[in-house]
Every structure is written in structure tokens, then in C-alpha cells.
1. State, as an integer percentage, the relative contact order of the range B:251-343 based on alpha-carbon contacts under 8 Å between residues 6 or more apart.
2. On a straight-distance basis, which lysines could pair with B:Lys78 in a cross-link, Cα separation under 26 angstrom, same-chain partners fewer than 8 positions away excluded?
3. What aspartates and glutamates could a cross-link reach from B:Lys150, if we take a straight Cα to Cα line under 20 Å and drop same-chain neighbours fewer than 8 places away?
4. Of B:Lys594/B:Lys694; A:Lys289/A:Lys314; B:Lys293/B:Lys369; B:Lys22/B:Lys443; B:Lys629/B:Lys694; A:Lys138/A:Lys316, which sit over 18 Å apart, Cα to Cα?
5. Please compute the alpha carbon radius of gyration of the range B:18-176, then divide it by the globular-protein estimate 2.2 N^0.38 Å. Two decimals is fine.
6. Stokes-Einstein at 37 °C, 0.692 mPa s, Kirkwood radius from Cα pairs: D for the range B:511-624 in µm² s⁻¹?
7. Quick one: accessible surface of B:Thr724, probe radius 1.4 Å, all protein chains present, in square angstrom to the nearest 10.
8. Over the range B:671-749, what portion of Cα pair distances is larger than 14 Å, expressed as a whole percent?
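The values are calculated or read from the model by the stated rules, or taken from the named source; none is laboratory data. Just so it is clear, the structure is predicted and the values come from calculations on it, not from any experiment. A quick note on method: Cβ atoms are made from the backbone with ideal geometry, for glycine too, and the neighbour counts reach across all protein chains shown. Side chains included, ligands, DNA and RNA excluded: accessible areas come from the protein's heavy atoms. Shrake-Rupley method; radii C 1.70, N 1.55, O 1.52, S 1.80 Å.
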Amino acid sequence: MIEFQLITPESAAQAAQLASASHTAQQGAEIRFVAGGTTLIDLMKLDVETPAKVIDINRLDLAKVEKQPDGTLRIGALVRNSDLAHEPNVLRDYPVLSQALLSGASAQLRNMATTGGNLLQRTRCMYFRDLAYSECNKRNPGSGCAAIEGLNRTHAILGTSEHCIATHPSDMAVAMMALEAVVHVVGASGERDIPIGEFYLLPGATPQNENVLKPGDLITYVTLPAAAANSKSHYLKLRDRASYEFALASAAVIVMTEGGRITRARVALGGVGTRPWRSHEAERALEGKAASEQHFHAAADAALRDAKPQSGNKYKIELSKRCIVRALTTATTQA
Amino acid sequence: MPQAPAPNLIGTSVPRIDGPLKTSGTAKYTSDHNFPEMLYGVPVQATIGKGKIKSMDVAEAEKMRGVVRIYRYGNAPKLYRPNGQDENAHVDETRPPLEDEVIYYNGQYVAMVVAETFEQAKAAANKVHVEYASETPNVALDLSDGFNDKMKEISKRGDVDAGFANAAVKVDYTYSTPIETHNPIELHSTVAVWDGEKFKLYETTQSIMNHQAAMAQMLGVPKENVQIVMKFLGSGFGGKLWPWTHDVLAAAAARDLNRPVKVVIDRRMMFSNVGHRPRTQQRIRLGATAEGKLNCLQHDYVSDTSILDEVSEDCGEATPYIYSTPNLRIRGEMVVRNVGTPTAMRGPGAVPGLYALESGMDELAIALKVDPVQLRLMNEPEIDESNGLPFSSRHLKECLTTGAEKFGWSKRNPAVGSMKRGDLTLGWGVACASWIAMRMPCKTSLMLNDDGSARIACATQDIGTGTYTIFAQVVNAKTGVPVEKIQVVLGDSSLPPGPVSGGSWVTGTVIPSIANAADNAEKQLIDLAVNGTRSPYHGRDPKELAFSEGRIHLASEPASSGIAFDELLRKGSLRFIQADGDSMASFADPNANKHSLHSYGAQFAEVEWDPGIARLRVSRVVSVIDVGKVLNPRPARNQVEGAIVMGIGMAMFEETHYDPRNARPVNSNLADYIMTTCADCPEIDVTFLDYPDKVLNEFGARGVGEIGLAGVAAAITAAVYHATGVRIRNLPIRIEDLISGSSNKQHFA
């Protein structure tokens, strides 16, 4: 960890203004916001993140969950994961989000980690986190990828490129993808809304850029669309051990059925993608079909059709498929 | 009024006497020690696995705020090797740090920054730029290169090849266990204080006496000039038995700079610089008659060690005596890899060895179509067939039968995948456990005070297992002083020398020494009673007197008729009497030498298998343990339960992954090195048979630290086979192996 300046702004606008001096809001940013710190401080200790200035946003008034008149749910960026998981509106209307949150990290980490911070959670790629490896295109653009020829059991199989195969680690963001959340940002030039489907970038040739945020952009809250009546959902996370481990494969599914037929499906995957992975392919394979195991398998096959495994993670294709099938089965058979 | 005799606390759950200090956060652990003017050292680690340092640029780091010194090859203080012939100054990694520019393993210390604050030292350590001439390291997972004609013969009887040839039913499989890293929650740390002549070193050690001798030799000073202090340990699991390179670096820096120096290594260093359980590859060849009598047992094993040192994982530890067979051969070998020097991890040798042997026994039972519990019962030996000695106390059969009953084994349907719980498939497995029983030499010092209190002192240590409390219980049993009035002083090398906390031998070791101290105290008290002019027994023949329940009395009369020892001391105006205790090692004890001394156990495991999502969880473990008399069931149970939790990790999760390109342990943190969490812990049912083993000591207590880990992994993999039909011969069990559905997958990258 290098020496840095800690700044405590009075308002979101001031925070955004201060951060706008950074040349990037992505890897290598010299100004960073800190909320729960569960990713940033960790990476600063490893010198993977070396901001000269850290803006502490914890005192901003962004920790509320509010039901809006239009039925949407507005979640402040500073709402802690543990609070959000147990929030009554979330429990009633968006159980898939609560399940995803509670499957993440440990109780201690969830008490610190925030909604905005979790959207920006960085990958657990061992090579990204270890400065002993000079090859990491995400950390050191153009240097190569140590994971492709390295140990990559936990790496991504969807959305990878020849430059990066790092997995996005968040559980919460997977549920948010299925819920079609909208991310609200205050930036140096005003406020804007970003549908979460447009928030994350694929690594391509520039894996250092993980999302569309620009210098000065501060996530202030996330909005969930009004809950669809009669929708059933489930979040299933598969991993080696029962707790405190990132997903090897996870699935957030939301389905509406009418007379045994699926009228609307939302499927998002975790642990397998370079970003929280919305599978429109799986959704198309489900919509209009009977809620049957046969169609769940077809959806799983569709979701993984373009998967590109690495030397150590071929099993993830099968695991992810089983995860999707079970999540859909659980969701559609619940009372 | 005659007083009721104090209840004997041996065998009762006396609460830990150090418990309140720990639960209130006031127990002072090694790195909690701070001194004025103290500096902080942060080592710099090599980032290659093999090669040489070409150049090191410290210019930027040296200019950073707070930096006092950057030690590296060329300016490091002179350090020495420990005398390899001195078994009381044992060190696994013997090369003094910064001795030359050669890199033997990834993570090796190439420099140490010393600065005014930890943060400054850490920041500067990251700015030390090293250029290397790198060579290709060897961290090959396949250890077959060790299976050769030069394998060392460990034990042999009969003709194993002829036995195999004549066997009606045979199995011949190779098993492997991965490198596992000790991950005690307390990081290795050292706080070194130099006073111009002597060192006072606060260390995270399981052996203050060995540490003292080894550090003195490496620092080049007389042993008397080194004092080691370790009052509380945040666990060690064997990783803290011997000094490591950061210890000597800190002490040398403290002397060189004449200021206290603290070094707390980080979690990444825990994976490379302070030992690990080496990888093993083991061939088990078993032959049996059609009925299931073993007629041959061959166990060949190879473990990997570092370039620098030879540390073997003696997988054949329990193999020679656990079963009856006329033909047996055990051979062992080491192969060299570019890894840090291995060290003992809980149950060294026997634990990985029994994983292989007991897996082989399960495979043999299936081949024979014999129940795996029955197969073990059928092959119970009468005596230790490796040396012809009788067992001091062996109840393995009862471990198996009691465990089978508690587990409900008779309801087991042996057909693979046949047992269900709701939508889940159940698997049931069993394996045997064993571990050595031993005593080491031990000196103690017992004080009985004029206020009725006692003090017992010994230069051994409590590594979190309950040793403080065991001392108090034994002193209570021998003197009658209540536990709450006994001060137990351990963890300081200036005290009378006691044993290493290893090998599960501390409890068995300290009993005779404390008993001897109590006998010597009794002699002094009786002398005082017959000679003291104010004593009621003045002028009596010493032979008429006895000491029990804290009172000197006529041997012919009850204790209540006598005089309390503290009253006797006050009458004589003595503050205390102090008596020395001394006891010898079991290997020097002629009676112990006439016996085969071991502990035993049986592990029964249940797994739940959800094939739809390839989810495997251990749902139930029944463990029946024969460790002689259990002095205190609560910490004993805690040891076995903890060992089972560790065994679940060994079976299902733990493996240190080395990148073959640079020999770097890449999952060197607690998120990526998967260990058992609370959510993975099943229902655990521990039973102690509690048969005293009087050959070892008067209470018949052996020791319980390691046995609980033995057999757990084999019981779990047997259960996995029963549930899934997949035989895991290479630990850990991985989801991908279960998905693939085929046995004997090699993980060799």
C-alpha cells in the first residue's frame, strides 16, 4: 500500500467533482471512491490499486431503500449488503436478490459491502491480484494474460477474449441483471441512468475497462423495476464449499407462467462470465414453452452454446447447465 | 469435623483456566508485544521459482519515509546454520536467509526492509526492484520419479511379492495427496529484543526450548543468551514447530540496529516460507484370501521436498502394526521440487499414509464383497507384528464396533447409490485411525505456598489445546490444591525444560514429571513435619506420614486428621517449598520399551450427494477414539472435532496450487485456498473409549492432538464411492471428478 490522501466530501456532487480529475474511472484510477472498502482496500494492500486520493463517501445520504410511487424500488448506493438482503420490500418482491446477497462473501463482509461497491467488485483472478505476474492485461494493458496458460479452474467461459478470461465475482449483480436494474450515476456533467445490461463491458482488447463509468461518475442508487406479479424466482450458487467462496457457477432466474407455459423468463449467470451474464439465449429458449425439464435443458444448452472453456475449467459448462436447470426447476415448482 | 475428600478432577471437564483471558481478548499473543523504539521488518519475496538474483535496486525504497535499513545479500548480518546433529536444535529450512543470491523456491526472502512503521516497511518492500536470471523450476505433480530401486526400506516381513502372487483377491492402486498449507489464524510472528548481550525473543512457536537452542546456533551466541517467550499461540498445526527464516532475520536486525524489531509475515508468505505438508504419491498393494485374511500389504510412498532440505512425509508410520499380515513391505523416497521446505503438519506421515492404506482396504473390501468394518475386524493383530511386542493398550476393534453401532452401520446397503434421504443420495464410509503414543523428557518445578496456593512451571507451551488446564488438573490430583489456586507458568525458556508441543505427547509427558515434583514436595513437607518444632508430627518417623488431599497426616489415619500443608509452612515461617520434577522419555523407559504404544480410532462418515447439481456435503461423522484415559473431555473433544473439520478440508478442499511456470503458490490467501467453513461442518459425534494406558503414565493418558485427523479423508472418499461410484484416489475430491463420473482421475497438470 502506498501513501494516499483521504478526502471526505459533503455531497455527491462534490464527490463527483473531486473525482473528475482522475484520468480514468477504471483500472489505474488515481482517484477512487471508497464505501465498504471490501474490494478497494484489499487491492490497495496488494498495490494492485494505487490511488493517490481516496474519497470516502460513507457520510453521504445514500443509505436508504425507498419504494417509489411508480412501484419501483430505489436502493441507495451505500445500503449494505446485509441490510439489503433483509429489507422487507426486497424479501417480499425480489427474493432472488436477497438470496444472491446472502450467498455472497461472509456475514462480516456483507455488513461492510455496499450496493454501489458490489456492482464494481473486481475479479478474484489470482494473476490480476499478484504483482509478481507482469502479464495481466487488466492491470497492465498490453502485457498479456497469465491466466490463459496458467491455473484457470475458476475463470470465465463466457465473454472471454484472448486478452482476458477473468470472472466477474459478484452474486448481487447477477440477480440485478435478471431483475433489469437501472444504475443511477452522478457525474461531473450531471446525472444519468444506465440500464444494468449496458453497464458492464466485455473485456475484448481492453479488459482494464470494466464498465461505462467515466471519471467523476458516482453511483448514487440502483432502481429495481416494479415487481411483476406472479413471477417466481430463484438464485442458486454452486461452489466447492458451502459458504464464503465465489461461485463456480450460479444462476438467477425469474419466470412467469400462465397455464403451465412460460410467458416471461429472465436468466442471468454468475461465476462463468467476464461480466454478470444475462442469457437472452436461455430466455428465448424458455419463453412460450412449457415449464418442463426438457425445456430447461434446452435453455441451459442455449445459454452455454458459445462457452469457451480453458484448460482447467471445462467442467464449468456442465456445472453451469445443471445450475440453470435446477434453478428453473426450483423456481417453477415452488408454491 | 472430617472433611469430604476433594473430588478427583482427572477425567472431568474442568473449564480452561486460560479461557477468560482469551474470551476477553486480554491474552497477550506474540505479535501483541510492543516496545518503545520498536521497528518493523517486512521481507521481500522472490517472484521466480529457480535461478539467481541478477541485481537489486533499493535506491527508491531506501529514500522512502521511515525506512531504516534494507537487508539483502551483501549487507545482511552474518548468520549460521544450526548443527544438524543436534536433535534439540531442529530446523527444517536450514539455509540462513540472504546467504547468497540463489533462488531455490518462489517466495524465498531476498531482502527485508526495516522501517519505523509497518506501513512504511510494507510500502518500501514493494518498491525493492529485483532482476533475476530465471530458470525453469520443477513443481511436477507426478512424483513417479521417486518410485525407483533406491527406495528406502522402512519395514519388512515375509515376502510381499509371493504373498501377492498367491492372493485370491488383490488390489493395487496409487493414491496421492496434495501439498497442504498450515493456515493457523495467527500469522507467524516474532518480536526480537536485544539488550546488548542477550536476546529476548517473542515467538510464535510450538517449542520454546528447541527454538532457544536453534536460534542461539543461527545467531552465533551462547544458548543462555537467548530467551524465548510464547504465552499464547493462535494455533500451529505443526507449522510452528521449528524456527523459520523470518525469525533469525528479525533477531539479527534487532542486534544490528540495537532496537526491537517486529516481523509479522503475511498470509502469502504463510504459503511459501514456513513449511507445508508435502505432496505424496503412494502405491498400496493388498492381497487377501477369499475370506478376507490379508496375506500381503505393500506400501510404497514418495513425498516431495525442497532443494534445500530433506523433510520426508513418512506415510508408512501406521502401516506396519495396524493389521495382521504375514507379508509386508514399506518403502519410502523423496523427490526434489522447487518448493519451500516442507514441515510436519498435524499427524505427519500417518495421516496421508492412512488415507492411502484405508482407501486400499475399502477397495479390497469391495473386491472381496466383505463389509469394510468386518474386513478390519478380521485382520486385527494379536501383537505388533512389526516388532513382536505386545500392545500397551489397543482397542481398535471396540472403536469399530462401537462406531458401527452409533452410526447405524448395520442399516448400510452396500450397493452404490442405493441409499437415499429425500432427493439426496447417501454414502457411508469407514476408516481406521492410529497415531504414536510417546513421552519425552520433562522437567518441572512445583511450588507449594503458605497461602495454600501452588505454582507449577515448565518450559513447554500451550498451543491452544488446553495444556495450561491439564497442568492444573494434574497438580490438583497430586497435591489436593484446588485448580483455582494453581498458577501454571509455561511458555518461557528460562523455566525448567519441557517438551515440544508436537506428536500429541505433551499430556503423556508432563504427568510423570509433575508426579515426580509432587513426590519431591511430599518428601520436603514430611521432613518439615517431623523436624519443625511447631509441627504436630515433630519427632515422628517420616515413614509414618503421608501427604494427600493437601494435608500431611499419619498414613494410618484419614487426611482430615492431619495438617494442611500451608499451615505447616506458616508454622515453620516458610513462604513456600519448591520441588523439582524430572521424567524420562518413553524410549528410555525399559517397561515402555517392551510395548507397542499407539492410539487408535475409527471414523465413520456420511456424505449427501445431489447428482443433479454435483453437490457433495459431509453430513455426519462418528468418531470413536482410543487415546487412553482422557484427562479432560472438553478440550479433548475439541481436538477431535477440530481434527475432523480439518479432515473434511483434507478430503474435499485443501490444495496449494503451484504455477508450473514459476513455482509460485498462486492460491495463497484464505479466499482461494479453500478450507472447511462452519457451514461445511457436519454433525460430529465423538466417543472416547477411555481405557487407561498405564504403560505410558500413572493416569494412563496418551494424547489427542493428532489422532482425530487420521482416517477422516479415507472414510469420506469411501462414502463418496458408496454414494457415487467414483473412487477418489487423488485428493482433494473435486466437483469436476464427480461430474466426470470416472475414478482415478489424475490431476497432473
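1. This gives 31 percent for the range B:251-343.
2. Partners found: B:Lys50, B:Lys52, B:Lys54, B:Lys63, B:Lys122, B:Lys127, B:Lys198, B:Lys200, B:Lys223, B:Lys240, B:Lys262.
3. B:Asp142, B:Asp159, B:Asp161, B:Asp300, B:Asp304, B:Asp309, B:Glu310, B:Glu313, B:Asp314, B:Glu317, B:Glu333
4. Long pairs (Cα-Cα over 18 Å): A:Lys289/A:Lys314; B:Lys22/B:Lys443; A:Lys138/A:Lys316.
5. 1.61
6. D, rounded to a whole number, is 177 µm²/s.
7. Using a 1.4 Å probe on the heavy atoms, I get roughly 40 Å².
8. Tail fraction, whole percent: 75.
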